[in-house]
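This is the structure, below, for whatever I ask next.
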Amino acid sequence: MRVTVPNLKTLLLTMTLLSGLAMPTSARAAPQDTTVVLVHGAFVDGSEWNKVVPLLQAKGLKVVSVQNPLTSLAEDVAATQRAISQQAGKVVLVGHSWGGMAITEAGASDKVSALVYISAFAPSEGQAAGDLGKEYEPPAGMKRLHADHSGYLSLPAEAMVQDFAPDAPKEETRLMAVSQVPINSKAFGEKVTMAAWKTKPSYFIVAGNDRMMATDLQLSMAKKIGAKTVVLKTGHAPMLSKPQEVADVILEAANR
């Protein structure tokens with residue numbers, strides 16, 4: 001009996017297709033119609049995501065980094081809403097720190113398929129950032145805030161290095177201190193009018209060594225919103241010290 005052996009090209013193609021079928025979800029390229037909209041927090045700008053962006057793009061995701069004015073909650077929500085409205089497909093909305101306030105409200109858009117909070121505020125309707133965490137001792141970094149004559153808050157350079165991202169390279173945090181964006185203190189009194197996490201799947205990365213926002217506060221908010229929770233032993237900005245772990249959570253949200 002004669003057995004026909006496929007040529008090498010056909011054999012390799014077949015193996016490749018079979019391998020793709022067996023590929024786990026976490027390793028697959030993300031859906032092509034998905035955009036990740038990244039919303040930064042106070043005292044920084046969109047460059048805080050620079051290590052995460054290429055990891056997401058490598059998986060086929062479109063990525064947009066919002067540049068919040070940090071002049072008011074309303075204006076930060078508006079900036080986030082503009083970014084969402086410009087996307088053609090579904091959006092995974094990611095907020096760090098203060099950015100959690102913006103995604104909680106802007107995430108109500110029908111385009112948003114999931115929310116990812118990264119050491120972020122996750123308020124309920126009618127809550128302001130200043131309402132959250134009153135039952136906890138103020139973290140070290142928050143005690144070092146400086147207010148100018150206009151009421152805008154910033155971090156001294158040593159606080160950016162020691163408190164905001166103590167586990168990131170010092171040359172990075174020194175640059176962040178120089179280029180930081182102060183936030184209007186009045187923003188902390190502005191209340192959200194809706195809580196998108198009530199209707200959207202949510203994820204929460206808790207920073208276990210946070211010196212800007214109490215870790216216990218983060219854990220309580222993650223529990224409140226029913227988020228799938230990952231605890232990373234990092235400072236307040238895990239995207240700087242553990243970008244792959246942060247990207248993995250965002251990818252999971254995109255692939256759901």
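Collect residues whose amide H, placed 1.01 Å from N in the peptide plane, falls under 5 Å from the amide H of ASP210; neighbours closer than 5 in sequence don't count.
Residues meeting the criterion, in which the H sits 1.01 Å from N, are THR215.
Among LEU73, VAL36, SER119, whose Cα sits farthest toward the positive end of the charge dipole of the chain (+1 at Cβ of Lys/Arg, -1 at Cβ of Asp/Glu, about the Cα centre)?
In the chain, that residue is VAL36.
Restricting the count to DSSP beta bridges whose residues both fall in the chain, what percent are antiparallel, rounded to a multiple of 5?
Restricted to the chain, the bridges split so that about 15 percent are antiparallel.
Where in segment 132-186 are there GluC sites (Glu not before Pro) that are in a DSSP coil and have at most 16 other Cβ atoms within 10 angstrom of their Cβ?
GLU135
Rounded to the nearest 5, what % of the DSSP beta bridges within segment 132-256 are antiparallel ones?
Roughly 45 percent of the beta bridges in segment 132-256 run antiparallel, per DSSP.
Taking a threshold of 31 Å on the Cα-Cα distance, which of the pairs LYS143/LYS200; LYS191/LYS223; LYS111/LYS134 fall above it?
In this structure, LYS143/LYS200; LYS111/LYS134 lie more than 31 Å apart at Cα.
Give the accessible surface of segment 29-81 per residue, rounded to a whole number of Å², with probe radius 1.4 Å and ligands, DNA and RNA excluded.
Per-residue accessible area for segment 29-81 comes out at 35 Å².
What length, rounded to one decimal in nm, is gained on full extension from GLN244 through to SER150, with 0.36 nm per residue of separation minus their alpha-carbon distance?
30.0 nm
For segment 58-79 and segment 99-158, what is the separation of their Cα centres, given in Å?
14
Another one. How much mean residue ellipticity at 222 nm does the chain get from its helices, if each DSSP H run of length 4 or more adds -39500 (n - 2.57) and you divide by all residues, to the nearest 500 deg cm²/dmol?
-9000 deg cm²/dmol, from helical runs alone.
Still on this structure, I have one more. Tell me which aspartates and glutamates have Cα within less than 18 Å of LYS198's Cα, excluding those fewer than 8 residues away on the same chain?
Reachable aspartates and glutamates: GLU105, ASP110, GLU125.
The values are calculated or read from the model by the stated rules, or taken from the named source; none is laboratory data. Everything numeric in this text was worked out from a predicted model, so none of it was measured. Because the Cβ atoms are built from the backbone with ideal geometry, glycine has one as well, and the counts that use them run over all protein chains shown. To get the accessible areas, we keep the full protein, side chains included, count just its heavy atoms, and leave off ligands, DNA and RNA. Shrake-Rupley method; radii C 1.70, N 1.55, O 1.52, S 1.80 Å.
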